[in-house]
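The values are calculated or read from the model by the stated rules, or taken from the named source; none is laboratory data. Predicted model only: the values in this text are computed from it and were never measured. Backbone-built Cβ (ideal geometry, glycine too); neighbour counts: all protein chains shown. The area values use the complete protein model at the heavy-atom level, side chains included, leaving out ligands, DNA and RNA. Shrake-Rupley method; radii C 1.70, N 1.55, O 1.52, S 1.80 Å.
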Amino acid sequence: MIAPSLLSADFARLAEAAESVAGADWLHVDVMDYHFVPNLTIGLPVVESLRKATDLPLDCHLMIDDPDRWAPGYAEAGAANVTVHVEAARDPVQVARAIRSAGALAGLSVKPGTPLEPYLDLLREYDTLLVMTVEPGFGGQEFIPDVLPKVRLAREHVNAGHLRLFLEVDGGVGTDTIAAAAEAGADVFVAGSAVFGAEDPSAAVEALRRQARGAMTAR
Ligand code: DX5
Ligand code: ZN
């Protein structure tokens, strides 16, 4: 699945941005609070409006402190997937259950420096693992290939039947990097600048999808 990130879109024209990638699978919404990351973006009222403006499933990536308090609200607002950071969650089991009982898939994200091994059991409570391939906070950064072993490890656990997860990568994903992520086992690809920085966002989504498919067949 390809999930264009609105972080690289024109914030005064979000509905048009969503429309321009109507062929995508998820629409990635980066929620930042100036505390967990040094950037401030959009919050619940905008997600509520987006929900009415597009039929694309909303993939809300919460880069915020105290997601335990705020995450269920995004599920209630109609997000398809709500991802919290393991570094920020106080009770990640509880927050996953709250997100799911509010009707969304629950996602857990790890920053580049956060190891995955301590959280493998916890991931039984989740539907999505988001492996950050840049430091969270800003679009347009360079993909960090050193985190791909975490994707490989998660893929092994999924293939062995220990976990059932979408494996999502986020940050620096473009035509030059998507194949490496797909070969490592990712199946959801977030792309901000590679999509909204392109002349034709919908063609950019298609190009990414083709490359990911090619690499997944090779895996
Ligand atoms: C970064 C965000 C990403 C960002 C990716 O903190 O989580 O979703 O939009 O942007 P690109 O694809 O430009 O690296
Ligand atoms: Zn994101």
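Among the numbered conditions (1) in a helix (DSSP H, G or I); (2) within 14 Å of the chain's Cα centre (by Cα), the only one that residue 82 does not meet is (1).
Anything in region 119-147 that is more than 7 Å from ligand 1 (Cβ to nearest atom), open to solvent by less than 50 Å² (accessible area, probe 1.4 Å) and not in a strand (DSSP E or B)? List them, or say none. Correct list: 120, 122, 123, 125, 126, 127, 133, 143, 147. Name the residues in region 54-76 that are assigned to a loop (DSSP other than H, G, I, E, B) and open to solvent by 20 Å² or more (accessible area, probe 1.4 Å), would you? Result: 55, 57, 65, 66. The number of residues in region 198-213 being of a type in the set (Lys, Arg) and in contact with a Gly (Cβ under 9 Å, 6 or more places away or on another chain) comes to 1. Taken over region 89-113, residues that are more than 16 Å from the chain's Cα centre (by Cα) and either within 16 Å of ligand 1 (Cβ to nearest atom) or closer than 26 Å to residue 2 by Cβ (or both) amount to 4. Any residue that is within 15 Å of ligand 1 (Cβ to nearest atom), crowded, with 18+ Cβ neighbours inside 10 Å and closer than 20 Å to residue 178 by Cβ - is there at least one of those in region 39-53? Checked region 39-53: no residue is within 15 Å of ligand 1 (Cβ to nearest atom), crowded, with 18+ Cβ neighbours inside 10 Å and closer than 20 Å to residue 178 by Cβ. Scanning region 109-123 for residues that are in contact with a His (Cβ under 9 Å, 6 or more places away or on another chain) and within 16 Å of ligand 2 (Cβ to nearest atom) yields 109, 110, 111, 114.
Picking from residues in region 174-213 that are closer than 19 Å to residue 116 by Cβ and either in a helix (DSSP H, G or I) or β-branched (Val, Ile, Thr) (or both), the one that is nearest to ligand 1 (Cβ to nearest atom) is 190.
Somewhere in region 93-108, is a residue in a strand (DSSP E or B), within 15 Å of ligand 2 (Cβ to nearest atom), closer than 19 Å to residue 37 by Cβ and open to solvent by less than 10 Å² (accessible area, probe 1.4 Å)? Yes, the conditions are met somewhere in region 93-108.
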